[in-house]
Amino acid sequence: MSALWDQDPDEFWTREGRARVDWFTPFHTLREWDPPYAKWYLGGRLNACYNCVDRHVEAGHGERVAYHWEGEPVGDRLALTYAELQRRVVRFTNTLKKLGVGRGTNVAIYLGMVPELPIAMLACARLGAPHTVVFGGFSADALASRIDDMGCQVLVTQDEAWRRGRTVPLKAVADKAMAAAPGVRRCVVVRRTDGPVSMTPGRDVWYHEASAHVDEDPANCPCEPLDAEALLFLMYTSGTTAKPKGIVHTTAGYLVGVATTHRYVFDLQPDTVYWCAADIGWITGHSYIVYGPLCNGVTSVLYEGTPDFPDRDRWWDIVERHGVTVLYTAPTAIRTHMKWGPEFAARHDLSSIRLLGSVGEPINPEAWSWYRTHIGAGRAPVVDTWWQTETGMIMISPLPGSGTLKPGSVGRPFVGVEAATLDSQGRPVANGQLVLDRPWPAMLRGIHGDPQRYVDTYWSKYPGHYLTGDGARIDEDGDFWLLGRLDDVMNVSGHRISTIEVESALVDDRSVAEAAVCARPDPRTGQAIVAYVTLKGGREGSPDAVDELRQHVADKIGKLAVPANIVFTPELPKTRSGKIMRRLLRDIASEGSLGDTTTLADPSVVEEIRARAAASV
Ligand code: WT7
């Protein structure tokens, strides 16, 4: 397969553009590069839903399973064939149409991992209605700000989601969000748990009622022929300010990029049963649960629940029952299984596994080896894939069967990807800032509504180079090793969280005068969030104050952003010019003196902060 790397990138992407995707109108120009904006497959017209669903049915593969869906309650499962997926997508599309959704109507989707999640995304794509999927763990405030920023008129949600045998009230959160984001005209509610919800007449409709008499015939519900550069979706992600960025992904380049990388990196075969155990609410799920695998006509697993419900062998039961051949997950999940011990995997026959993938954060060699030994029977290759919400597709990864795999290395840039590491002067060095030097098909087309921020964030530090925000090292063989973020972005369990976003959530609490947030290493989640907080009026911290602040962060952003440690301090260490000394706080947080539970005002830590601050000015 190494021949792949030797190809001319333009020939490669021209060929893949024709092979991976069906066009209503073929493209005439591969690419236009007007830095920092790229356009791909110009002149082409296509539809992502057609490519992910209809064409497979038309080609006679309607009886192939698209998703083996596993609900969280044991035994709650569904084999969704491509033909059935098509019927359900058409039904969803027609329901959205009835509610006034058409080309250019923006739709927010706030669902758990139910079949209706990919179905709703595909229905939007069918109509040319851009979507934004908001992860179910985000709070009402976070949902409202995304709805507002994108100008969504319609919201799709569900009554409640299952979570470890309990329920999470998504509709109730959506109600709060809609109160704060009044632009939403209609709210479609999928019934999942049958739990209590309140419905606002004229605005809210049950999906099962609204879709009851809707036509399911694809012939009466054509896929809109869309421009190659038509907006497919926005995915919000944290940057170095309090406001998440709406990353713009368009249709053709994105679809070709994710389908191509999915095919080569995961070495797809006719008998592949593929499982990406991420949540569709993140880019990983968009690219490698929905658009990539469906475009390739693959059979995937879609799982609603957590790895430990009802028991810690749930994943391995699913792998065994469906004969999963390719598993793609995050290091934090692998470390969690590692902590539980290999006996849960050992209860099951995992001999179907051929290939293992990792994504989201650097994988430590111990986790890499455990994954390969206990899940991959000591022989499955582990491909560690580096990419970002912004890149849309896998950018740096080993290709299975091409050379030795090194535990902890992400291998080499994909075909046509030019990656380099630069020092602060912009000179190539072996260990430096990771930048990307050449446009790729699935690259972001900007930040929604904020062109200046797009330029400032990615293109101003090294003009002409895309700044990833990561540090990396290139070894003598040309293999890349990721060293973590170099900016104010944290990575907790593979989730990207901005320090400033958590700080502003804390300062928003009426008791807080000042807050500084940083990350410390954590053996399981990669990083954990540490907050240093000064309360107003010289108030002392207390366990109640810790609870209140954690709740406040959960309300403003979501549980995923709640600090593991809150350290109350009478003041924050500052330089003479008044800047918070973040590096110092980070060093203290990383010293290991905090443990892994909440630390209250520990006088010695605070003393140390003071002492060091005093010493360094
Ligand atoms: C950041 C992007 C890409 C989908 C999931 C996260 C880190 C991602 C790796 C990897 C080391 C990685 C980087 C990157 N990251 N994959 N294989 N090795 N670090 O997407 O939320 O946009 O986060 O995740 O720091 O910049 P995201």
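A few remarks follow.
- Condition check for HIS208: free of Cβ contacts under 8 Å to residues at least 60 places away in the same chain, over 30 Å from PHE27 (Cβ atoms) and part of a helix (DSSP H, G or I): yes
- Considering the stretch 443-459, the residues that are part of a loop (DSSP other than H, G, I, E, B) and more than 19 Å from the chain's Cα centre (by Cα) include one that is surrounded by the fewest Cβ atoms within 10 Å (Cβ to Cβ), namely GLY449.
- The stretch 474-501 - residue that is of a type outside the set (A, V, I, L, M, F, W, C), more than 18 Å from the chain's Cα centre (by Cα) and surrounded by fewer than 18 Cβ atoms within 10 Å (Cβ to Cβ) and, of those, farthest from the ligand (Cβ to nearest atom): GLU476
- Some residue of the stretch 515-534 being on the phi < 0 side of the Ramachandran plot, of a type in the set (Asp, Glu), touching a Lys or Arg at 6+ places or on another chain (Cβ under 8 Å) and surrounded by fewer than 23 Cβ atoms within 10 Å (Cβ to Cβ): no
- Contacts under 6 angstrom Cβ, first residue in the stretch 410-424 being free of Cβ contacts under 8 Å to residues at least 24 places away in the same chain, partner not hydroxyl-bearing (Ser, Thr, Tyr), 6 or more apart: VAL417/MET395; VAL417/TRP440; GLU418/ASP437; GLU418/ARG438; ASP423/VAL429; ASP423/GLY432
- Listed here are the helices (runs of 4 or more DSSP H) enclosed by the stretch 258-358 that have at least 2 residues being open to solvent by 20 Å² or more (accessible area, probe 1.4 Å): 314-322, 331-340, 343-346.
- Failed condition for ALA545, given (1) touching a Lys or Arg at 6+ places or on another chain (Cβ under 9 Å); (2) in a strand (DSSP E or B); (3) buried (at least 20 other Cβ atoms within 10 Å of the Cβ): (2)
- Pick from the stretch 460-473, criterion within 13 Å of ASP423 (Cβ to Cβ) and away from the ligand (no atom under 14 Å from the Cβ), ranking: surrounded by the most Cβ atoms within 10 Å (Cβ to Cβ): HIS465
- Residue count, the stretch 359-380 (criterion: of a type in the set (A, V, I, L, M) and either away from the ligand (no atom under 16 Å from the Cβ) or in a helix (DSSP H, G or I) (or both)): 4
- Single residue of the stretch 381-393 satisfying the filter (in contact with a Ser or Thr (Cβ under 6 Å, 6 or more places away or on another chain) and within 8 Å of the ligand (Cβ to nearest atom)) that is farthest from LEU436 (Cα to Cα): ASP384
The values are calculated or read from the model by the stated rules, or taken from the named source; none is laboratory data. Just so we're clear, the structure is a prediction, and the values are computed from it rather than from any experiment. When we count neighbours, we look across all protein chains shown, and the Cβ atoms used for this are built from the backbone with ideal geometry, even at glycine. Accessible surface is based on the protein model in full, side chains and every heavy atom, while ligands, DNA and RNA are left aside. Shrake-Rupley method; radii C 1.70, N 1.55, O 1.52, S 1.80 Å.
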